[in-house]
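Engineer: Got a structure for you, questions after.
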Amino acid sequence: MTDSQTYTQTATMRDVDGDGRPAGSPVASGRTGSAPRTGSARGARTRQQPRARILGALTELVGEQGYACSTVADVIARAGASRRTFYEHFANMETCFLTAADATAARWLEQAAGAVEQAADAHEDATEALLRELFTASLDSPGALRLLATDLAATGQAGLERSELVLAALGQTLCEALAADAMDAGEPLTHMSALEQSVLPRALAGAVLRIPYARALRGGRMRRAPRAELMSLIPDLAEWAATYGSMGVPPIATVSQPPPAGGRAPGTLSLSSGANGRRGLSRGDSVSRSFMVHSQRERLLDAVANLSAAKGYDAVTIPEIVQEAGVSVEAFYEHFSGREDTLLVANELGRRKALALMQRAYRSHEQWPEAVRATIAALLGFLASEPSFTRMALIDVPAAGGKLATVHEGALEGLLKDGLGLLPARGRGPAQVSAEASTAAVRELCRGYAAAGRSPELPSLHDVAAHLALAPFALAGMPGC
């Protein structure tokens with residue numbers, strides 16, 4: 001039994017509606033959460049089982065404002081259900097969300113595996129069939145896409161585990177599609193076994209989800225991506241994915257010494273209050289007003305990152321932030337307008353410091369491939385030295401909703417696009433999407449380690465991450481890759 005079948009069977013057994021359909025599954029009016037807000041759609045929803053209506057309403061809300069910004073009151077208002085009905089089916093909001101996630105993931109994985117099997121049997125391109133199925137599902141329900149791509153990973157340990165399981169299963173299905181295409185072409189991928197046993201399939205699967213996600217997220221909410229634009233990417237994206245089955249997979253290196261922790265980004269600039277006692281300035285300290293203001297702000301930024309890393313941003317409160325930072329509530333509001341503002345500033349400062357290190361490394365090499373390798377080394381070293389910031393930036397910020405949902409992380413993508421002009425003209429087309437997809441794959445590689453609490457080990461992935469970034473350019477004719 002494949003990983004996809006295992007997840008599908010488990011999720012289906014875990015949650016089935018009263019009519020025998022997996023919770024949140026498509027109904028007569030279309031896929032859950034995708035129907036227009038018309039009178040007929042509302043009538044169809046009213047006829048659904050209450051449980052299915054609630055799950056569909058939650059999925060819609062996740063697309064519009066994110067799970068972090070949604071409440072039980074929002075869900076029951078959208079579903080046309082009572083609070084009592086909600087709690088008859090779900091213990092709390094998190095249980096409802098995880099139930100919707102299980103049903104969505106099981107359905108998407110089952111449909112993806114079915115598309116691959118059908119295409120392989122018909123001797124059609126299985127990888128393109130897989131991508132077409134996933135992209136169609138994302139167009140039908142942008143909320144379901146956001147649920148799987150970002151928000152699921154930010155709902156505590158249970159959500160993280162589900163997110164990793166989904167990406168592992170999808171990665172396995174992608175490998176099956178690549179193998180089927182290679183066999184059909186009479187060119188078996190000699191490195192497929194090594195690919196399947198590596199960390200790459202999970203990263204490739206995450207990148208595949210990020211492609212439609214990036215096009216659907218506009219103004220902090222998910223909207224239907226332009227269908228023609230999204231579908232036109234499928235051939236080049238399939239070629240990009242096949243790259244990694246046709247080339248050897250670098251091993252994960254051994255890092256003998258962990259990187260120094262902290263000092264360059266909010267999150268680990270100083271020890272937490274539990275390790276260092278109260279972090280506020282002592283009464284006897286003779287410091288200027290300007291330094292005191294600076295110290296307060298820095299400690300507040302540290303606090304929100306450390307707390308988010310420890311328990312997830314959604315569970316962090318302002319009283320906890322001020323206690324961790326050793327400042328008063330009044331002082332907090334002198335610096336920030338609220339909790340989201342604190343996280344936004346902390347993320348932006350850390351991102352800019354990372355970008356400065358990456359640009360310095362990039363400019364230190366004349367040859368483009370070596371500059372990219374140095375840039376990736378700088379990025380991984382920075383993330384490894386700042387585990388709290390890494391957890392916050394890769395997991396909490398994307399799912400926080402509001403302004404944070406629109407934070408762009410394309411620094412590496414821009415550097416990869418610098419190499420497009422160096423390619424032969426025939427290789428530039430596929431490489432256009434390769435820059436975006438490879439950047440997303442490197443991000444997903446780092447996110448997987450952050451989710452497992454292994455951020456300090458990220459430098460060991462340098463050769464793997466460089467392979468993700470450069471392999472498509474190597475096949476396109478770039479020397480030195």
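Engineer: When the residues of segment 91-110 are narrowed to those that are closer than 14 Å to residue 170 by Cα and touching a Pro at 6+ places or on another chain (Cβ under 7 Å), which ends up surrounded by the fewest Cβ atoms within 10 Å (Cβ to Cβ)?
Structural biologist: Going through the qualifying residues, I end up with 107.
Engineer: Only one of 152, 98 is modelled with pLDDT under 95, closer than 22 Å to residue 453 by Cβ and not aromatic (Phe, Trp, Tyr). Can you tell me which?
Structural biologist: Numbers: 98 fails: modelled with pLDDT under 95.
Being modelled with pLDDT under 95, closer than 22 Å to residue 453 by Cβ and not aromatic (Phe, Trp, Tyr) holds for just one of 152, 98, which is 152.
Engineer: Specify which of the listed residues (215, 202) is outside the structural domain of residue 436 (by TED's automatic domain parsing) and without any contact (Cβ under 8 Å) to a residue 60 or more places away in the chain.
Structural biologist: Answer to the selection: 215.
Engineer: Being in contact with a strand residue (DSSP E or B) (Cβ under 7 Å, 6 or more places away or on another chain) and under 20 Å from residue 55 (Cα atoms) narrows it down to one residue among 146, 84; which is it? Give the derivation first.
Structural biologist: Numbers: 84 fails: in contact with a strand residue (DSSP E or B) (Cβ under 7 Å, 6 or more places away or on another chain).
Selected residue: 146, the only one of 146, 84 that is in contact with a strand residue (DSSP E or B) (Cβ under 7 Å, 6 or more places away or on another chain) and under 20 Å from residue 55 (Cα atoms).
Engineer: I want to confirm something. Restricting to segment 315-340 and keeping residues that are assigned to a loop (DSSP other than H, G, I, E, B) and free of Cβ contacts under 8 Å to residues at least 40 places away in the same chain, which single residue is nearest to residue 394 (Cα to Cα)?
Structural biologist: Here the answer is 316.
Engineer: Would you call residue 173 in the same structural domain as residue 200 (by TED's automatic domain parsing), buried (at least 20 other Cβ atoms within 10 Å of the Cβ) and not hydrophobic (A, V, I, L, M, F, W, C)? Talk me through it step by step, then tell me what you get.
Structural biologist: Details: in the same structural domain as residue 200 (by TED's automatic domain parsing): yes; buried (at least 20 other Cβ atoms within 10 Å of the Cβ): yes; not hydrophobic (A, V, I, L, M, F, W, C): yes.
Spelling it out, residue 173 is indeed in the same structural domain as residue 200 (by TED's automatic domain parsing), buried (at least 20 other Cβ atoms within 10 Å of the Cβ) and not hydrophobic (A, V, I, L, M, F, W, C).
Engineer: Do the conditions hold for residue 224, that is, is it assigned by TED's automatic domain parsing to the domain that holds residue 112, in contact with a Leu (Cβ under 6 Å, 6 or more places away or on another chain) and farther than 18 Å from residue 469 by Cα? Break it down into steps so the answer makes sense when it comes.
Structural biologist: Details: assigned by TED's automatic domain parsing to the domain that holds residue 112: yes; in contact with a Leu (Cβ under 6 Å, 6 or more places away or on another chain): yes; farther than 18 Å from residue 469 by Cα: yes.
Here the answer is yes, as residue 224 does meet what is asked.
Engineer: What about residue 139, is it touching a residue at least 24 places away in the same chain (Cβ under 8 Å) and under 19 Å from residue 237 (Cα atoms)?
Structural biologist: Numbers: touching a residue at least 24 places away in the same chain (Cβ under 8 Å): yes; under 19 Å from residue 237 (Cα atoms): yes.
Yes: the conditions hold for residue 139.
Engineer: Out of 264, 289, 279, 283, I need the residue that is out of contact with any Pro (no Cβ under 6 Å at 6 or more places or on another chain), at pLDDT 80 or above and not hydrophobic (A, V, I, L, M, F, W, C). Which one?
Structural biologist: Checking each option against the conditions leaves just 289.
Engineer: Name the residue that is nearest to the chain's Cα centre (by Cα), counting only residues in segment 111-127 that are in contact (Cβ under 8 Å) with a residue 40 or more places away in the chain and crowded, with 19+ Cβ neighbours inside 10 Å. Even if it seems obvious, please write down each step before you answer.
Structural biologist: Taking segment 111-127 and keeping what is in contact (Cβ under 8 Å) with a residue 40 or more places away in the chain, we get 112-113, 116, 119-120, 123, 125-127.
Cutting the leftovers down to crowded, with 19+ Cβ neighbours inside 10 Å gives us 112-113, 116, 119-120, 125-127.
On the way: 112: 19, 113: 22, 116: 24, 119: 28, 120: 29, 125: 27, 126: 25, 127: 21 Å.
The selected residue is 112.
Engineer: Restricting the search to segment 230-244, which residues are buried (at least 19 other Cβ atoms within 10 Å of the Cβ) and polar (S, T, N, Q)?
Structural biologist: Matches in segment 230-244: 243 only.
Engineer: Look through 343, 380, 300, 394 and report the one residue that is in a helix (DSSP H, G or I), over 24 Å from residue 452 (Cα atoms) and of a type in the set (A, V, I, L, M, F, W, C).
Structural biologist: Details: 343 fails: over 24 Å from residue 452 (Cα atoms); 380 fails: over 24 Å from residue 452 (Cα atoms); 394 fails: over 24 Å from residue 452 (Cα atoms).
Criteria check complete, one pass: 300.
Engineer: Related question: Based on what the data block shows, is residue 239 closer than 20 Å to residue 181 by Cβ and without any contact (Cβ under 8 Å) to a residue 40 or more places away in the chain? Before you say what the answer is, go through the steps one by one.
Structural biologist: Working: closer than 20 Å to residue 181 by Cβ: yes; without any contact (Cβ under 8 Å) to a residue 40 or more places away in the chain: no.
The answer is no for residue 239.
Engineer: Which numbered condition trips up residue 294, out of (1) out of contact with any helix residue (DSSP H, G or I) (no Cβ under 9 Å at 6 or more places or on another chain); (2) outside any helix (DSSP H, G or I); (3) modelled with pLDDT of 80 or more?
Structural biologist: So the condition that residue 294 fails would be (2).
Engineer: Also: Surrounded by fewer than 22 Cβ atoms within 10 Å (Cβ to Cβ), more than 18 Å from residue 443 (Cβ to Cβ), at pLDDT 90 or above and under 25 Å from the mean Cα position of the chain (by Cα) - does that describe any residue in segment 317-324?
Structural biologist: Yes, the conditions are met somewhere in segment 317-324.
Engineer: For segment 81-169, which fully contained helices (runs of 4 or more DSSP H) count at least 2 residues that are hydroxyl-bearing (Ser, Thr, Tyr) and at negative phi? Before the answer, list the steps.
Structural biologist: Values: elements: 83-89, 93-121, 126-140, 142-149.
In segment 81-169, 83-89, 93-121, 126-140 are the helices (runs of 4 or more DSSP H) which contain 2 or more residues that are hydroxyl-bearing (Ser, Thr, Tyr) and at negative phi.
Engineer: Can you list the helices (runs of 4 or more DSSP H) found entirely within segment 178-235 that contain at least 1 residues being among the small types (Gly, Ala, Ser) and over 22 Å from the mean Cα position of the chain (by Cα)? Working first, answer last.
Structural biologist: Details: elements: 192-196, 200-216, 227-232.
Result: 192-196, 227-232.
Engineer: Residue 57: buried (at least 22 other Cβ atoms within 10 Å of the Cβ), over 26 Å from residue 313 (Cβ atoms) and modelled with pLDDT of 95 or more, yes or no?
Structural biologist: No; evaluated as a whole, the condition is false for this residue.
Engineer: Here is a follow-up. When you go through (1) surrounded by fewer than 23 Cβ atoms within 10 Å (Cβ to Cβ); (2) part of a helix (DSSP H, G or I) one by one for residue 366, which number turns out not to apply?
Structural biologist: So residue 366 meets the others, but not (2).
The values are calculated or read from the model by the stated rules, or taken from the named source; none is laboratory data. Worth saying up front: this structure is predicted, and the values here are computed from it rather than measured. So basically every Cβ, Gly included, is an ideal-geometry build from the backbone, and we count neighbours across all protein chains shown.
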